[in-house]
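Report on the following structure.
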Amino acid sequence: MGKDAKKAKEFNIERYLSGGVEKIVKNALKASLTNPRESVFMGKYALASKKAAEKRRAAEERGEHVPPFLIASITSSCNLHCAGCYSRANHACKDCAPVDQLTDLEWKKIFEEANELGVGFILLAGGEPFIRRDIIKIAAETPEILFPIFTNGTMVDEEYLKLFDRNRNLVPILSIEGGQETTDARRGKGVYDKLNTSMKRMKRAGVLFGASVTVTTENMKEVLSDTFVQQLYKQGAKAIIYVEFVPVTEEAKHLAPGDKEREFIRKELLRLRLKHDDMVLISFPGDEKTSGGCLAAGRGFFHINSHGGAEPCPFSPYSDLNVKEIGLKGAMNSPLFKEIQAQELLMEDHAGGCVLFERRDQVEAILQKEK
């Protein structure tokens, strides 16, 4: 590795791992000042986040690296069939009833260990996570951790509204693709109307929520427009998370943002953040060149699938260890993760939204070598 690359890597890892959670919390606190109940929670969470960062720094001094984020797919079931879904393409998402997936108590153990280690955020995903109400209730019992819940927004009911109102560490993030035509084209007819209904109900109930947008070459101008952001703000969304599209087929590659499109996304987000400073606007993976490369495989986060397998990220569904058997701390020392980092796959340029998805042959080769 060259001197400049090494310097950038060290700088960005320190910035992200030591300051990332605190910066996001600071922005979220600012975004919630209009709601006293949200402000009280975010104030408490800011203190918890500071303690978590101190735990991570102490671990780093001992030679142990703890990522500040985790992604947990708590179910493989989903009630929708979205076009281009990576979970279905990877056979990680099915219509049938879950088999041999982690129980609510097993997830409780994971959440508690994450809190002990200093993890600040756990993103709950699926499938459709709202199917596992039992696990979401368990997550509420660890208020020191913020749980953004990535949902298609079609299963919001009165019980969930009461749960979110009581437990502000649970933050629904509703998936939307743009306007009605764009959203229904990908997610199914009538989904856009269901999303609007869910947002209205959450706004009326005073629930903190956000939106997630899959950014493609076709919808990026729409979803990065003032009109779109302002509309979501009026509907009550306090955060928008932009996720670059990952092509799961050759035919879909043209939808993945390239360097030119990423530069457009970066500039538009800078502009939108200045204009809408009472919202939290996050891009994932964002400009990887300035963040020192992809943050998967334990650098900034890793993924736990619904069976407990520790994977580099949801787009790279390969595992050599199971969290149920060795715990989070053991998973953080995954030989697969360490070899991915050692081979610097996370630093490579790529065409789509995920470098490890594009380099999946190399990841598979590492896994086979371990065996």
Requested in this report: Any chance you could run the full-extension gain for Glu113 through Glu344? It's 0.36 nm times the residue separation minus the Cα-Cα distance, nm to one decimal.
Outcome: 80.3 nm
Query raised in the report: Could you give the nm distance between label points at Asn79 and Gln368, where each point is 7 Å from its Cα heading toward the beta carbon?
Result: 4.1 nm
Report summary line: Heavy-atom accessible area of His254, protein chains in place, probe 1.4 angstrom, given in Å² to nearest 10, is 110 Å²
Query raised in the report: So how much accessible area does Val248 have, in Å² to the nearest 10, using a 1.4 Å probe?
Result: 40 Å²
Report summary line: Label model pair Asp134, Gln231: point-to-point distance (7 angstrom along the Cα→beta-carbon line) in nm is 3.9 nm
Query raised in the report: In sequence order, what are the phi-derived ³J(HN,Hα) couplings for region 341-346 according to the Karplus relation 6.51 cos²θ - 1.76 cosθ + 1.60 with θ = phi - 60°, rounded to whole Hz, with x for glycine and proline?
Result: 5, 5, 7, 6, 5, 6
**Report entry** Leu105-His254 pseudo-label distance in nm [points 7 Å out on the Cα-to-Cβ vector]
**Finding:** 5.4 nm
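The values are calculated or read from the model by the stated rules, or taken from the named source; none is laboratory data. Please read all numbers here as calculations on a predicted model, not as lab measurements. Note that each Cβ is placed from the backbone with ideal geometry, even for glycine, and that neighbours are counted across all protein chains shown. Areas reflect the complete protein model, heavy atoms only, side chains present, ligands, DNA and RNA absent. Shrake-Rupley method; radii C 1.70, N 1.55, O 1.52, S 1.80 Å.
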